[in-house]
Every structure is written in C-alpha cells, then in structure tokens.
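To keep things clear, I will list the structure first and then write my remarks on it.
The values are calculated or read from the model by the stated rules, or taken from the named source; none is laboratory data. In this text the structure is predicted, and so the values were computed from the model without any measurement. Positions of Cβ are backbone-derived with ideal geometry, glycine not excepted, and every protein chain shown enters the neighbour counts. Ligands, DNA and RNA are stripped out before the accessible areas are found, and what is left, the full protein with its side chains, is counted by its heavy atoms. Shrake-Rupley method; radii C 1.70, N 1.55, O 1.52, S 1.80 Å.
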Amino acid sequence: MSQQQKKIDWSSLWKKEDWWALWLGLVLFFYAFIGFWAYADALGWVPMWTKWTDPGKAFAVPNPKLVFGSPWVNLVVAWLVLMLLLAGPAKLIGVKFGDWVRGFSVVYWLWWLCAFVIGYKPIADVVTTEFAFTLALFVGMLLGNLPRVPQWLLGSARGEWFIKTAIVLLGAKILFTDWIRYGGTVLTMVLMSFPVFMLLAFPIFRLFTRNTDLSVVAAVGVGVCGVSASIAAAGAIGAPAIYPTMVSAAILIYAAVELVILPWVGISLVKAGVISPAAAGAWMGLSVKTDGAAAASAEIVARGVGSDIPLSIGVMSKVLIDIWIGVIAFVLALIWVFIVETRRAAAEQKAGVERRRPSPLELWFRFPKFVLGYFFTSIVVSLLIMHLAGTVYASQQNPVDAATKAVVPVVVNRGTDPFRVLLFGLTFVAIGINTRFSLMKQYKVWNLFIAYGIALLIIIGLAYLVSTSFFPK
C-alpha cells in the first residue's frame, strides 16, 4: 500500500480562484483603507442602483462629487475597471482573455439591466429593489438553459469567485464588536447543526441511491456548505469525479429554488413579528447550500427588513461552517483509509490501485482561503476604530461610536460596499447561468435529486427551529 504524502503545490497561490478571491478582495480593501488616510471615498465612484422615473437617475454614485459627467459613465468605467482587474487572474485560472471579456461583459450588463428594470419606481414600489437579485437569477437561468450555451460564457460566469471576493470585502462591514456580540452564539449553533444535518441526510441518500460513497458526498454537500464541501468529501474518500459533479448539479439547482423562495419567507416572518432579523439571517446561513446563494439570500433579507443584522449573522454562519470543511475532509479521509478501504484492500491490491494515506496538510488544502480575508478585513477595520477611539476620539462621550462614525462611511459605505454589492449582483447572474437543468437528464440522477430535496426540506425545517432557538424574538 502506497504511503505517499501529498506535497504543497505552491502554484495554487495563483491558479486557484479561492486564492484569487483572497488576493483581489484584499487589494480592493486596502485601496479603500488607504483612502481613509490619504483621501476620502477611494471607491465612492462605483455606482449603485436606485428607484427612478428619470432614466438618467437610475443609478446613484455614493459620492456625488465623483460622478463622471453621468452615473451611466461611472457604470461603463466600473465595467472596464473590474473586467481588466479580473482578466489577469481569470487567465491564470484558465479562462482565455477574449473569452473573459465576452463572458464577463454579458454577466455584468445583464446584472445592470435587471437592476435598471427593477429600479423603475412603479415596479420597485410593488416588489422592492431587492427583487433585482431574483430577476438576475431568473435571467441567468433562462440563458444558462438555452439549447446551446457557449463555453466562453460558462467559463466566465464564476459565481463562487465573485461571491468569495465579496465576502472578503464584507469582513470590513462586520466589525469585531459584532463577533464579540454574536460569534460565540453562531459558532455554538453551527457546531450543533451541521453534524446533525449530515447524519440525518446520509440514510436518506443511502436509501435512494444504494451507494455509500455517493451518499457520503451528498450528505456532506447538503449538510455543510454545498459544492466546496461535496468536492472536498469526494477527494477525501477517493470517490469518482462524477459523484461531486452530480451532487453539485443538485446543490446549484436547489440553491436557485431556495433563493427564489426562502429570503422572501424570511422577510415576511420578520415583518410579521414571528422571528427576529438575526434568526432570519441564521436561517439563510444554515439552509442555503452554497456560499454565494447563502450570502445573497441573507443580503436580500437584510435589504428587505432594513437591517444589516441578517447579513452579518447569515455570513457568520456560513463562514463558521466553511472553516470546518478541512476538518470534515480529514476525518473522512482517516475513516476511509483506515476503516472503509481496509475492507476493500484485497480487491484494490489485485487491481494494482495505490492509495495515499492522509496527511495533516489535508486540513490546509481543504480550508477555504477567502475566509482568511474575511477575518482579516474585519480585524483591521476594528483595530483602526479601537485605535482612533483611544486617541483622536478619546475625549468623546462614546469614543467607539465616534470612531465608527468616522471610519465606516469612508472605508465601508463609500469604500468596500459599492464593489461588494456589485459582486453580489454578478453572483446571481452567474449562479443562474450555471444552474443547468439538463444535468438532471445527462447524469440520470433523479433518485439523487429526490433524496436531496427530501433531505433539504428536513434541514430547512430543523435550521428554522435552531435559528429561532438561538436568536429568539
């Protein structure tokens, strides 16, 4: 039996989108952060959508002094800047420059088209401006399910990359005081939730698929955080590549359905006084099974109830689940190598199959790197506020509040937030494009899809009970 150990592949630092989400998020963050010291509103020129009756006022620029003649010009500048900023990393990840320009442009302008339509006041007054995200998802799904979708579009619609970069920027919005207030509760909630979710989901998948390895991959995918977790689980147990592909198809399709329904249910329950905004955010974080869709659903709830708390709690929940992917993968690798595969050893040796024993480095390989950026930006902004509270604003009645009011509008509201919201919008279009219903027919996975739906419904119900228990009204 092979005792090979996996070596560090340093090229992942510039070839993996997980790392590029970290690098790009930090670049944008430091640009906004340095702007606090050198000049204000470093990114205050990035447009946001708003209600309108005059098309010339369909978009708003956070700093009116940075309007380049018209907000529409700012829209074009943001397209060129973001497209070119991501073009180099996209090429290193494996997307040709020409393909990237075409694909990103389609995703970008589809998002703003949806924002423009929903921003029209007679429509926005009925459905609210947050519906722009849902419309972007629908439009992406329609495009992604056309008979022939060009590969250059599929390769450029990188929802996970967009959302992971956005989450790095989101760290600047969720201050250390939020972690002190909510972190322990969220961590306890997460630790009490996802192991139960996995254990309950496994027998359901086993009943429908009659395949232990596929059931493990699916149970981890629906119980933890979706595509990343299913891929990590498949790698840890040596499952065929088709397994995480099949599970990922189910995850993406059901996540799209969840995005259309769950956030609006959460908003309705909060407005009816049934649950708290924090519980609604936690519910999104525990129930929606991809990083992008979970964060996006929490964003919709936050906008719908007029509070950042659902977004903070939702992303905290998802991040604190994500950091356990490595541990789960390592534990599965240990179980499969030393227990499950021991029973298959004779057949494998006859077939000449070599097996690698797991290394502690598996924890690092599976760890989602963008989480590091999320915590880093949160800590840096928090430290800046604490520093100013102890120096410049020390004489104020509430130094921390005074420092927060000085830092957050520049570094966050007119700094990281405009790009973060833009990346969220691109995520919805990209998720829609990659939600391809033809995969159900292609891989003949109806039993898996049925089992996934049953397991997900149970998890959504349990997540609601857990969320409302930890964050009561």
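Here the label points at ALA38 and VAL81, each 7 Å from Cα along the C-beta direction, are separated by 1.4 nm in the simple model.
With R₀ set to 41 Å, the beta-carbon distance separating LEU462 from LYS91 gives a calculated FRET efficiency near 0.40.
Across region 46-69, the residues whose backbone nitrogen lies under 16 Å from the label position 7 Å along the beta-carbon direction of TYR120 are 50-59. Solvent-accessible surface of protein heavy atoms, probed at 1.4 angstrom with all chains present, puts ASP401, ASP291 in the order ASP401, ASP291, largest first.
Report the full-extension gain for the segment ILE261 to LEU191: residue separation times 0.36 nm, less the Cα-Cα distance, to one decimal in nm. Present the calculation step by step, with values, prior to reporting the outcome.
Working: separation 70, 0.36 × 70 = 25.20 nm, distance 2.60 nm.
The ILE261-LEU191 span can extend by a further 22.6 nm.
Sorted largest first by accessible area at a 1.4 angstrom probe radius, with every protein chain in place, the residues LEU135, LEU22 fall in the order LEU135, LEU22.
By a 1.4 Å probe calculation restricted to protein chains, TRP446 has an accessible surface near 150 Å², given to the nearest 10. Counting only the Cα atoms, region 11-154 fills a convex hull of 132 Å³ per residue. Across the alpha-carbon set of region 102-197, the Rg to Rh ratio works out to 1.10, Rh being the Kirkwood radius. Each semi-axis of the equivalent ellipsoid for region 254-321 is √(5λ) with λ an eigenvalue of the Cα gyration tensor; in descending order they amount to 16, 13, 9 Å.
Keeping all protein chains in place and using 1.4 angstrom, which order do MET386, MET284 fall into by accessible surface area, from largest down? Intermediate values should be presented prior to the final figure.
On the way: MET386 105, MET284 0 Å².
The residues order as MET386, MET284, largest area first.
Just list whichever of LYS51/LYS289; LYS51/LYS271; LYS164/LYS473; LYS51/LYS173; LYS289/LYS369; LYS121/LYS271 have alpha carbons separated by over 27 Å in the model shown.
Values: LYS51/LYS289 31 Å; LYS51/LYS271 22 Å; LYS164/LYS473 31 Å; LYS51/LYS173 24 Å; LYS289/LYS369 18 Å; LYS121/LYS271 22 Å.
Where the Cα-Cα span goes over 27 Å, the pairs concerned are LYS51/LYS289; LYS164/LYS473.
Which shape class, rounded, prolate or oblate, goes with region 409-473 when its Cα gyration tensor gives a ≥ b ≥ c as root eigenvalues, a/c under 1.5 marks rounded, and past that a/b bigger than b/c marks prolate? Verdict is oblate for region 409-473.
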